[in-house]
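Since the structure comes first, as structure tokens, the remarks are kept for the end.
The values are calculated or read from the model by the stated rules, or taken from the named source; none is laboratory data. Fair warning: this is a prediction, and the values are worked out from it, not measured in the lab. We place every Cβ from the backbone using ideal geometry, glycine too, and count neighbours over all the protein chains shown. Heavy atoms of the whole protein, side chains included, go into the accessibility calculation; ligands, DNA and RNA do not. Shrake-Rupley method; radii C 1.70, N 1.55, O 1.52, S 1.80 Å.
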Amino acid sequence: MLRAQSGQQAGVDTSAPGCRVYVSRPLPEPGIHLLREGGAEVLQNQYDTAPSEEEWRAGLAQADGLLCVLGDRIDEARMAAAPRLQVIANLAVGYDNIDLAAARSRGITVTNTPDVLTDATADLAWALLLALARRLREGERLLRSGSWKGWSPIQLLGTGLQGKTLGIFGFGRIGQAVARRAAGFGMSVIYCSRSPKSVPGLAAEPVGLEGLLAGSDVLSLHSPLTEETRHRFGAAELSALKPGCLLINTSRGALIDEAALTRALQAGELAGAGLDVYEFEPKVSEALLAMDQVVLLPHLGSATKEARAEMVRICSQNLLRVLRGEPALTPVG
Ligand code: NAP
Ligand code: GLV
């Protein structure tokens, strides 16, 4: 266990002397320094893998605060193992890994990291889209294999984006940032969300789910995973997609029924998929791995040094504030 120093540092306006925080993974800069300099005592898992059950028990037993990641399932049992827990800071904007009802009933504050990862994630959605539309993965593989014989009029023809329609499911922070980038590619935007949005300077037409499926040349998913959105894209929805549609998912894997997606790709009901997230993460099915018409990334949406540093900063501030009896900056639930 790391002993904490009391004190303050620029950017951290709170201190929580005597409080203990369990951190479930190594962190990028600024790491645990803000917590320690805010006066917290920090116990941290030193390995970049999930803690064992024994490590969780040891970490949670005396924790007043928890800094966890989106792969950590924080359920009733885990909270019961943490009798002193006051605050859970999730190092992510999505918080479907946390049982909010259990936290509420125990008076535990839950926080996330909105806004600071919006651009990084929107950029990654576009990276997937461009890689898929222009067949970058196949092109790079051909070149690296040593079998490229030079330019050819019929080689690896992709799909142009100009004049096409980008459909967005979940028109919040990231969905809108993805839509904003579409103007530079000459695409028009339609979206399906719970409520219509009026965003200054952003031309986008609200449609129902049916309109979104039938009208999108590219469909990009950006809603949270909830009981409403789980398997929102199953066999019926995938077969209703416009022929030739490209599907991009940087939200949560379980929005899509992955078995149905595999069948739809095999049947050619959609032309390809760019995926950053998976239904049974980190497991990815052999069938998807074997397909040429998919681009697969290991959940990299927010993975820039800049975004991750801000995420760590927000988590640290939320933890210190709640432990000092102040309201969190970004509470959820
Ligand atoms: P956000 O600002 O809350 O936006 C989510 C949007 O989804 C909201 O506009 C919401 O509509 C809409 N929505 C919610 N339920 C819906 C439903 N049943 N049908 C249609 N739309 C629905 O969240 P965000 O910051 O954009 O993040 C979105 C998600 O991206 C996160 O929850 C997370 O799972 C994922 N994410 C992934 C990565 C990655 O590394 N791949 C990185 C960051 C985020 P209303 O506004 O009408 O409520
Ligand atoms: C990443 O997936 C996040 O929700 O921040």
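Screening the stretch 67-76 for residues that are in contact with a Lys or Arg (Cβ under 9 Å, 6 or more places away or on another chain) and open to solvent by less than 10 Å² (accessible area, probe 1.4 Å) and picking the one that is farthest from ligand 1 (Cβ to nearest atom) gives 67. Scanning the stretch 313-333 turns up at least one residue that is open to solvent by 20 Å² or more (accessible area, probe 1.4 Å), within 30 Å of residue 40 (Cα to Cα), under 21 Å from the mean Cα position of the chain (by Cα) and at pLDDT below 95. In a residue-by-residue description of the stretch 217-225, the property of being away from ligand 2 (no atom under 16 Å from the Cβ), part of a helix (DSSP H, G or I) and in the same structural domain as residue 141 (by TED's automatic domain parsing) applies to no position. For the stretch 93-112, the set of residues classified as hydrophobic (A, V, I, L, M, F, W, C), more than 13 Å from ligand 2 (Cβ to nearest atom) and out of contact with any strand residue (DSSP E or B) (no Cβ under 8 Å at 6 or more places or on another chain) consists of 101, 102, listed by residue number. With respect to the conditions (1) open to solvent by less than 40 Å² (accessible area, probe 1.4 Å); (2) under 19 Å from residue 123 (Cβ atoms); (3) outside any loop (DSSP other than H, G, I, E, B); (4) of a type in the set (A, V, I, L, M), residue 161 falls short on a single one, namely (3).
Is it the case that the stretch 287-301 has a residue that's part of a helix (DSSP H, G or I) and buried (at least 22 other Cβ atoms within 10 Å of the Cβ)? No, that holds for no residue. Of all residues in the stretch 226-248, those being within 20 Å of residue 129 (Cα to Cα), part of a loop (DSSP other than H, G, I, E, B) and open to solvent by less than 30 Å² (accessible area, probe 1.4 Å) number 2.
Of everything listed in (1) more than 13 Å from ligand 1 (Cβ to nearest atom); (2) under 30 Å from residue 40 (Cα atoms); (3) in contact (Cβ under 8 Å) with a residue 40 or more places away in the chain, the single unmet condition for residue 301 is (1).
Of 89, 120, 127, all but one fail to be buried (at least 21 other Cβ atoms within 10 Å of the Cβ), within 17 Å of the chain's Cα centre (by Cα), in a helix (DSSP H, G or I) and within 16 Å of ligand 2 (Cβ to nearest atom); the exception is 120.
Residue 137 meets each of the listed conditions (1) in contact with a strand residue (DSSP E or B) (Cβ under 7 Å, 6 or more places away or on another chain); (2) of a type outside the set (Phe, Trp, Tyr); (3) within 13 Å of ligand 2 (Cβ to nearest atom); (4) open to solvent by 70 Å² or more (accessible area, probe 1.4 Å) apart from (3). Inside the stretch 164-186, residues that are closer than 12 Å to residue 219 by Cβ and surrounded by fewer than 23 Cβ atoms within 10 Å (Cβ to Cβ) make up a count of 3.
Tell me yes or no: at least one residue of the stretch 284-292 is touching a residue at least 60 places away in the same chain (Cβ under 8 Å), of a type in the set (S, T, N, Q) and out of contact with any His (no Cβ under 7 Å at 6 or more places or on another chain). The answer is no; no qualifying residue exists. Tell me, which residue of the stretch 60-116 that is more than 19 Å from residue 27 (Cα to Cα) and among the polar types (S, T, N, Q) is modelled with the lowest pLDDT? The extreme case among them is 62.
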